[in-house]
Amino acid sequence: MAYFVTGATGFIGRFLLAELLKREGAIHCLVRASSLDKLDELKARLGADDDRIVPVVGDLGAERLGVDQDDVDRLAGQVEHFFHLAAIYDLTADADTQRAANVEGTRHALQLAEAVGAEHFHQISSIAAAGLYRGTFTEDMFDEAEDVGHNPYYQTKHESEAVVRAETTVPWRIYRPGVVVGSSQTGEIDKIDGPYYFFRAIQRVRGLAPSWLRTVGVEGGEINMVPVDYVAQALDYLAHQPDLDGQTFHLIDPDPLTVAGVLKALTKAAKAPQPALNLDARVLDALPARLTATLTSLPGTRQATDLLLAELGIPREMFAYLTYPTHFDSTKTQAALAGSDIEVPPFAMYAQQLWEYWQRNYSPDRRKDKLLARAIRGKTVMITGASSGIGRATALRVGAAGGKVVLVARGADKLEQTKIEIEDLGGTAFVHRCDLSDMSDIERMAKEVLQEHGRVDVLVNNAGRSIRRSIALSYDRFHDFERTMQLNYFGPVKLILALLPVMRGRSADGRRGGHILNVSSIGVQTNIPRFSAYVASKAALDAFSRCIASEVIDDGVHLTTIHMPLVRTPMIAPTKMYDRFPTMTPAEAADLICKAMIRKPKKVGTMMGNAGELAYQIAPRGVDVVLNAGYKLFPDSHAARGDKPHSGKDRQQPSTESVAFAHILRGVHW
């Protein structure tokens, strides 16, 4: 079995290749001669050998894709599945460019598929092929499309389907994805398009008003969005199922959000003011045409609108989504995917990933990372616990800003993935696996790092273990205290002792010293119940750092303690009641760490944590009374009690009172 893929280095293509590599057979990829390096980079990223991903030089705009006869002869009888993804997916592109790529490019792809005797032709189309159909558009409908000529993109996607249906002898399958957005796992995209045009406007609003403020929003038609990883998985699966030729599949969200739902999910992810009232833009469609024309022709109306849209970076074409009239049915697709475990996640579940990736890579605010770049330029930054959560988010920020990142954790596979993500951002990273609860392994790793890199300029002690268990359940669990001290205190101390001499020595010979950042906990400031083992281990590291700080300050070595509030990471995932608590995202936690790299403060804390620390100094007994109320509101988990998760009354579900208490004392983990 062999594959041929056009558009392999494009957005959907990269994810499809990752799926096809799980199967057997060579994957022949159409590529321009000038873009061979791009394919080589993709092969390296996917870890593919030269015999798995094979370049075929050609051009979308040429007859038979410009593939020479020798390659045609070589591929003859070998290609079972021909995937045609190459196209222009852009509402703002001009008509001639789109026609050449989307319509003629499809015709040229069909010519090559016939020339090599491909067994199946897979056309990746779009729901835009339906035009502005008013009502439900099913997978069997095509000629029923309405108003496809209102935009060149819709027109060419419809016409390219017509070419496949009428002009080929190769058995075909057509796939119509919805609006394809970033990965539901990482948020990865490769350009700003579709709903991403509105991200900047949301960011502007967030900068002007507090998140608790309620605003007026917009309601409109359905916006059918699907993450790129779902599209790739569904394409791969459906292409390999028998007896589906001659059919069309809607790769869409069967339960899509309307404009208001999308805005609600995105403003929540951005921590921006959320709409409390929505004005329905669809009422504009009900206005008489003469009145609409009069309103839009008022002097200065279009100029003012264009200026506003240009400032926000929103193309005028995007307003078609506000009153989008079509609902798409995907009954056949859902039936074909049944039993595959491939399904569209709800948009609200991955909106946070989309927002964070955009903010990290495309937001105008990323300019603030110039300060971070200046602070870490030429420096080696070691981050422990870099395989997930806070450590991974920090590593991505540091790598993107130009730091040389040393990634440390137990899981080598996850570290390698973080390394690849950093390199995709243009950064440099190195993996050094280490069990940070094993003192001899820390010593080995530290020697290895110093031998390979010469020094560590910035050390972020982020790896940690949390145990949530009341003292009443800990009488016979002394090992809980030993385990937390081992990883949270002895591990960082051992690492500091190994790296500190080089940091101090660099200052002695006239060079810079170093910076040690310890990720502590808001619990050290607030003395929360049930976390005696965890908080004690963090407090020990805090005290150690305060004591040595005065010894090394004249060597140019700075120590920073970051009292981190509750962050939604894998570490808190077992405590299910936290799902309803207000938490900081890993990206926001990374922002605290990166700001500390720039300013080098003695300590970093939130307003709530600092207030709790002050309150304990002024009225410790009163604080105990408040914390005791929280102790009673938030019971021990099933794991802490040692019983089965669903035996008896499920005490993991927080009460209304406990949720309110957690929101009042935001960031404290109970």
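The values are calculated or read from the model by the stated rules, or taken from the named source; none is laboratory data. Because the structure is predicted, anything quoted here is derived from the model rather than measured. Ideal geometry is used to build each Cβ from the backbone, glycine not excepted, and the neighbour counts take in all protein chains shown.
Quick check: anything in segment 513-528 in contact with an Asp or Glu (Cβ under 7 Å, 6 or more places away or on another chain), part of a helix (DSSP H, G or I), at pLDDT below 95 and of a type outside the set (Val, Ile, Thr)?
Checked segment 513-528: at least one residue is in contact with an Asp or Glu (Cβ under 7 Å, 6 or more places away or on another chain), part of a helix (DSSP H, G or I), at pLDDT below 95 and of a type outside the set (Val, Ile, Thr).
Would you call Thr258 in contact (Cβ under 8 Å) with a residue 60 or more places away in the chain, over 19 Å from Tyr89 (Cα atoms) and not charged (D, E, K, R)?
no
When the residues of segment 462-503 are filtered to those that are touching a residue at least 40 places away in the same chain (Cβ under 8 Å) and of a type in the set (Ser, Thr, Tyr), which remaining residue is surrounded by the fewest Cβ atoms within 10 Å (Cβ to Cβ)?
So the residue we want is Ser470.
Give me a count of the residues in segment 435-461 that are in contact with a strand residue (DSSP E or B) (Cβ under 7 Å, 6 or more places away or on another chain), crowded, with 22+ Cβ neighbours inside 10 Å and more than 14 Å from Val405 (Cβ to Cβ). Spell out how you get there, then give the answer.
Going residue by residue through segment 435-461, those that are in contact with a strand residue (DSSP E or B) (Cβ under 7 Å, 6 or more places away or on another chain) are 436, 445, 448-449, 453, 455-461.
Going one step further and asking which of them are crowded, with 22+ Cβ neighbours inside 10 Å, we end up with 436, 445, 449, 456-461.
Filter once more, so that each one left must be more than 14 Å from Val405 (Cβ to Cβ): 436, 445, 461.
Count: 3.
If you scan segment 110-136, which residues turn out to be in a strand (DSSP E or B), under 32 Å from the mean Cα position of the chain (by Cα) and farther than 29 Å from Arg64 by Cβ?
Residues satisfying the conditions are Gly131, Thr136.
Of these, Ile314, Ile342, which one is modelled with pLDDT under 95, assigned by TED's automatic domain parsing to the domain that holds Tyr175 and assigned to a loop (DSSP other than H, G, I, E, B)?
Details: Ile342 fails: modelled with pLDDT under 95.
None of the others qualify; the one that does is Ile314.
From His120, His81, grab the single residue that is buried (at least 17 other Cβ atoms within 10 Å of the Cβ) and touching a Pro at 6+ places or on another chain (Cβ under 8 Å). Give the steps one after another, and end with the answer.
On the way: His81 fails: touching a Pro at 6+ places or on another chain (Cβ under 8 Å).
The match here is His120.
Return the residues of segment 203-241 that are aliphatic (A, V, I, L, M), closer than 18 Å to Ala265 by Cβ and buried (at least 18 other Cβ atoms within 10 Å of the Cβ); say none if nothing qualifies.
Passing the criteria: Ile223, Met225, Val226, Val228.
Based on what the data block shows, is Arg204 of a type in the set (Lys, Arg), assigned by TED's automatic domain parsing to the domain that holds Lys271 and at pLDDT below 95?
Yes; evaluated as a whole, the condition is true for this residue.
Anything in segment 101-136 that is hydrophobic (A, V, I, L, M, F, W, C) and either outside the structural domain of Ile192 (by TED's automatic domain parsing) or in contact with a Gly (Cβ under 6 Å, 6 or more places away or on another chain) (or both)? List them, or say none. Don't jump to the end; show me each part of the working.
Step one: of segment 101-136, the residues hydrophobic (A, V, I, L, M, F, W, C) are 101, 103, 109-110, 112-113, 115-116, 118, 121, 124, 127-130, 132.
Within segment 101-136, Ile127 is the sole residue that qualifies.
Quick check, is Gly187 touching an Asp or Glu at 6+ places or on another chain (Cβ under 7 Å), in the same structural domain as Ile88 (by TED's automatic domain parsing) and modelled with pLDDT of 90 or more?
Considered against the rule, which asks whether it is touching an Asp or Glu at 6+ places or on another chain (Cβ under 7 Å), in the same structural domain as Ile88 (by TED's automatic domain parsing) and modelled with pLDDT of 90 or more, Gly187 comes out as yes.
Going by what's in this entry, would Arg176 be described as assigned to a helix (DSSP H, G or I) and crowded, with 17+ Cβ neighbours inside 10 Å? Spell out how you get there, then give the answer.
Numbers: assigned to a helix (DSSP H, G or I): no; crowded, with 17+ Cβ neighbours inside 10 Å: yes.
So Arg176 does not fit the description; no.
Which helices (runs of 4 or more DSSP H) sit wholly inside segment 369-487 and have at least 3 residues that are within 22 Å of Pro501 (Cα to Cα) and modelled with pLDDT of 95 or more?
Ranges flagged: 439-453.
Among the residues of segment 147-157, is there at least one that is basic (Lys, Arg), buried (at least 17 other Cβ atoms within 10 Å of the Cβ) and farther than 22 Å from Tyr237 by Cβ? It would help to see each step written out before you state the result.
Quick first cut of segment 147-157, residues basic (Lys, Arg) only: 157.
Narrowing the set further to residues that are buried (at least 17 other Cβ atoms within 10 Å of the Cβ) leaves 157.
Adding the requirement that they be farther than 22 Å from Tyr237 by Cβ leaves 157.
Yes.
Can you pull out the residues in segment 98-114 that are aliphatic (A, V, I, L, M) and buried (at least 17 other Cβ atoms within 10 Å of the Cβ)? Please lay out each step first, then the result.
Initial filter on segment 98-114 (aliphatic (A, V, I, L, M)): 100-101, 103, 109-110, 112-113.
Passing the criteria: Ala101, Val103, Ala109, Leu110, Leu112, Ala113.
If Ala145 passes every condition in (1) at pLDDT below 95; (2) over 21 Å from Ala270 (Cα atoms); (3) among the small types (Gly, Ala, Ser) but one, which one does it miss?
Condition (1) is where Ala145 drops out.
Going by the structure shown, is Glu139 over 33 Å from the mean Cα position of the chain (by Cα) and either buried (at least 16 other Cβ atoms within 10 Å of the Cβ) or in the same structural domain as Pro227 (by TED's automatic domain parsing) (or both)?
It is false that Glu139 is over 33 Å from the mean Cα position of the chain (by Cα) and either buried (at least 16 other Cβ atoms within 10 Å of the Cβ) or in the same structural domain as Pro227 (by TED's automatic domain parsing) (or both).
Please state which of the following conditions Ala95 fails to meet, knowing it meets all the rest: (1) hydrophobic (A, V, I, L, M, F, W, C); (2) buried (at least 20 other Cβ atoms within 10 Å of the Cβ); (3) farther than 23 Å from Leu20 by Cβ.
In the conditions (1) hydrophobic (A, V, I, L, M, F, W, C); (2) buried (at least 20 other Cβ atoms within 10 Å of the Cβ); (3) farther than 23 Å from Leu20 by Cβ, Ala95 misses (2) alone.
Suppose the filter is surrounded by fewer than 21 Cβ atoms within 10 Å (Cβ to Cβ), of a type in the set (A, V, I, L, M) and more than 30 Å from Pro171 (Cβ to Cβ); does Leu257 pass it?
On the way: surrounded by fewer than 21 Cβ atoms within 10 Å (Cβ to Cβ): yes; of a type in the set (A, V, I, L, M): yes; more than 30 Å from Pro171 (Cβ to Cβ): yes.
The answer is yes for Leu257.
Just name the residue that is farthest from Phe4 (Cα to Cα) out of those in segment 207-232 that are out of contact with any Ser or Thr (no Cβ under 8 Å at 6 or more places or on another chain) and either without any contact (Cβ under 8 Å) to a residue 60 or more places away in the chain or in a helix (DSSP H, G or I) (or both).
Out of the qualifying residues, it is Leu208.
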